[in-house]
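To start, the structure itself, in structure tokens.
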Amino acid sequence: MIRTAILLASCLLAACAPASDDGDGNGATLTAEITTSLGVISLELYPDAAPVSVANFVEHAQAGHYDGGSFYRAVRPDNDRPGIEPMHLIQGGYGFDGLPEADGIAHEPTEQTGLSHVRGAISMARFDPGTATTEFFIMVDDYPDLDSGPGRRNPDEAGYAVFGQVIAGMEVVEAIAEQETSLEEAPEDFQYPQFIVEPVRIESVRVVHANARGQQ
């Protein structure tokens, strides 16, 4: 499944991307758009840095698996778990548990990719490392504790896999983050009121352009 998506990503990039990154920041990128009921979020994806995560996202997007999905969770300082530095992010995709028939993908830690959970970063949601499928989240504020490494938020210290960045539409991300949340909408045994009462519909997710980083 992932091999097919990597081939698709390679075909999209072939016309304008260099064969490899020569170290000067001129690596290949993809532009994708998440169209929601509140507006469009434009992303730059980094297949050179996070090839598995980008390929997985592209495959599910092109297959239409995100169409009709939602942003269903908003984590903010007022609803995050107490006693730790609070996060600020939105989560969405197919559903909280991911696409049931999809295989989990290999985890790409930030210490390997060189990316970080800064404002606007898009990252794969997961349970254990290697379980990510169709769920992702977008950072509203910087939160380096979601990066890999000792002393981070998760006991496994593997962090989460950043694979792209919002380049337009942060006002849409912020509007989603401000939606009313409740514990009543949460999965069973979830303890915090972070689930959006009226989830924001994802109309579509599509790859719209391929380019070499730094080009217009």
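The values are calculated or read from the model by the stated rules, or taken from the named source; none is laboratory data. Predicted, not measured: the structure shown is a model, and the values here were computed from it. In this analysis, Cβ positions are derived from the backbone assuming ideal geometry, glycine residues included, and neighbour counts consider all displayed protein chains. Accessible surface areas use protein heavy atoms only, side chains included; no ligands, DNA or RNA. Shrake-Rupley method; radii C 1.70, N 1.55, O 1.52, S 1.80 Å.
For segment 109-195, GluC sites (Glu not before Pro) meeting the loop criterion (DSSP other than H, G, I, E, B) and having at most 16 other Cβ atoms within 10 Å: Glu157, Glu178, Glu180, Glu184, Glu188.
On C-alpha positions alone, give me the angle between the axis of helix 51-62 and the longest principal axis of the chain, in degrees, nearest 10. It works out to around 80 degrees. With protein chains left intact and a 1.4 Å probe, residues in the chain average 46 Å² of accessible area per residue. Amide H contacts under 5 Å for Ala168: Ser42, restricted to partners 5 or more places along the chain or on a different chain, H placed in the peptide plane at 1.01 Å from N. Nearest 0.05, what FRET efficiency do Asn154 and His209 give at R0 = 41 Å with Cβ-Cβ as r? After rounding to 0.05, the efficiency reads 0.75.
Between Glu198 and Met170, the simple spin-label model (points 7 angstrom out along Cα→Cβ) gives 2.7 nm.
So what is the calculated 222 nm ellipticity per residue for the chain, using -39500 (n - 2.57) for each DSSP H run with n of 4 or more, over all residues, to the nearest 500 deg cm²/dmol? After summing the helix terms and dividing by residue count, I get -5000 deg cm²/dmol.
About the Cα centre, and with charges only on the beta carbon of Lys, Arg (+1) and Asp, Glu (-1), how big is the dipole of segment 56-127? Nearest 20 debye, please.
Dipole magnitude for segment 56-127 comes out near 300 debye.
Considering the values (1) 0.97; (2) 1.20; (3) 1.04, which represents Cα Rg over 2.2 N^0.38 Å as calculated for the structure under consideration? Here Cα Rg over 2.2 N^0.38 Å agrees with entry (1). When the charge dipole of the chain is built from unit charges on Cβ atoms (+1 for Lys and Arg, -1 for Asp and Glu) and taken about the Cα centre, the candidate among Val205, Tyr160, Thr29 whose Cα reaches farthest toward its positive end is Thr29.
The charge dipole of the chain, taken about the Cα centre with unit charges on the Cβ atoms of Lys, Arg (+1) and Asp, Glu (-1), comes to about 480 debye, rounded to the nearest 20. Relative to the longest principal axis of the Cα atoms of the chain, the long axis of helix 2-14 lies at roughly 50 degrees.
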